[in-house]
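Just so it is clear, none of the values below were taken in a lab; they were calculated from the coordinates. Bear in mind that the values here come from a model prediction, so they are computed numbers and not experimental data. With ideal geometry, Cβ positions are generated from the backbone for all residues, glycine too; neighbour counts draw on all protein chains shown.
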2 protein chains.
Amino acid sequence: MPARRDATAPHTPYTPETLLEVAVGVFIERGYDGTSMEHLARAAGISKSSIYHHVPGKEELLRRAVSQALDGLDAVLDEPGARAGRSVERLEHVVRRTTEVLMERLPYVTLLLRVRGNTATERWALERRRKFDHRVAELVRRAEAEGDLRPGVDPRLETRLLFGMINSIVEWYRPQRGGPQVSPRVVEAVISTAFNGLRAPGRS
Amino acid sequence: MPARRDATAPHTPYTPETLLEVAVGVFIERGYDGTSMEHLARAAGISKSSIYHHVPGKEELLRRAVSQALDGLDAVLDEPGARAGRSVERLEHVVRRTTEVLMERLPYVTLLLRVRGNTATERWALERRRKFDHRVAELVRRAEAEGDLRPGVDPRLETRLLFGMINSIVEWYRPQRGGPQVSPRVVEAVISTAFNGLRAPGRS
C-alpha cells in the first residue's frame, strides 16, 4: 500500500505516477464514493488545484488506477504461454500469471475488485473484467473438451471458483517492504490446489 | 436479499426477526458505518422509537446478524461428521457444510465477510472468525500429517485459499425466490475442486 504523505512532509514534486499511488491508497481506505478531491489533496500534501493540473477529476484517477490492473491481466492472455499448446497448459499459464500480476500490482487489483458500478468508469472496468473472465471460461471449456479436466466441469462455475480463490489473496497478502512483490510459495499453492486439489495422489 | 419495505407498505407488526432481515439488507447495501437508525427506520417503514423498542441501537442488530452466520459456522465444527473419522474426511465434511451454511444464511454470511473491525462488535466477530479458521487449519494440518493430503501442504495458506474460494460464492450466488437456498451443483464443484482439482485423474 503506498505510504500517505501529509502537509508536513517535504515537498517533493508530484508526478502523475506518485499521485496515482497516493490516490489508490485513499480509494481503498475510504472507498471510491467516499473519497473527495479534498481527501486526495490532503493525503498527497498538495493543493486541489495542483491535482487538477494533472487530472480533470477523481474519476480519471480511478480510470488510470484500474487500467494498471486490467492492462496487466489482459496482457497475460496475449502471452505465448496463453496462446499455444493444449488448453489445460494455457489455462495453467493464465492462472499462474494472473496470480503473479495480482501480487505485482496489489493495490491496483485490490481497487479493481472493489469497483461496484456507480459511475461510467466503474461500469467500463466491470465490463473489461467480465470479458477477461469470459476468455478464461472459454479456456476451461476447451480444456474440458480436450479431456484434460474432470469430465462434466462447468466452465463458468469453475472460473468463478478459481478467481474466487485467486482474488481472495488481496485480503491477506502483504509483501515485505523492499522485498520481492511475488511469493512463489503462494503461486505454487494456487496452481497445485486448482489443478490437483488438496488430496494426495492416489487417495481419492 | 430481504425485500425492503417502505412507508407505503401495509403495516404488518414487526418482530425482532423481520427487523433483523431488513437491517441486514441495509447494512449490506450502505455498509454498517454508513447506516443510521434513520436509514433502518425508513427501510422498515416504522419509527426509530419502534426500533428502539426492540434493540438499544444498530450495533445490537449487527451482533444478532453476524451471530446468525457465526453460530451456523461454529455448529458445523461440532457435527458428528466433523468430529469422528480420518481428518481428511472431517475436513471434507466441514468444507461441504460450510458451503451449505453460506448459501442457507447468505445475507448474514455476506455481512460477516464485510465486517472490518471499527467497533467492539465487529472486532468480536472477527475474533470468532479467526478461531473458526484456526480450527479448520488444524484439521488441514492433521490430514497432512496422516498422509492424506499432498505432502508439504501449508495448512494456514491452504485454509486461506480454501475459504477464499468458498467465501467468494457470496459475490455471485443468488438463489431463485421461493426455490431451494442450497445449490448441490455448487457444493459438489467446491468439493471436487478443493480435494481433487480441475485436472482429470491420471493427467497430471
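Odds and ends about this structure:
- Peptide B:108-117 shows a mean partner chain C-beta count of 0 within 10 Å per residue C-beta.
- In the assembly of identical copies, A:S36 has its label point, taken 7 Å from Cα in the direction of the beta carbon, separated from the corresponding points by 1.6 nm (ascending, one decimal).
- P(r) histogram, all alpha-carbon pairs of the stretch A:127-204 included - 10 Å bins from 0, percent: 15, 40, 33, 11, 1
- Note on the protein assembly as shown: Cα Rg divided by 2.2 N^0.38 Å, N the number of residues, gives 1.06.
- Helix runs (DSSP H) in chain A reaching 15 Å along axis by Cα, Kyte-Doolittle at least 0.5: A:16-30, A:184-196
- Pairwise label distance in nanometres, B:N118 with A:R174, each label 7 Å out on the Cα-Cβ vector: 2.0
- When both the stretch A:25-56 and the stretch A:149-204 are represented by their alpha-carbon centers, they are found 35 Å apart.
- When the chymotrypsin sites (Phe, Trp or Tyr not before Pro) in the stretch A:143-189 are filtered for DSSP coil states and for at most 11 other beta-carbon atoms within 10 Å of their beta-carbon, the remaining sites are A:W172.
- Stokes-Einstein D (µm²/s) once Rh is taken as the Kirkwood radius of chain A over alpha-carbon pairs, at 10 °C in 1.306 mPa s: 85
- Kirkwood hydrodynamic radius over Cα pairs of the stretch B:82-168, then Stokes diffusion coefficient at 10 °C and 1.306 mPa s, in µm²/s: 115
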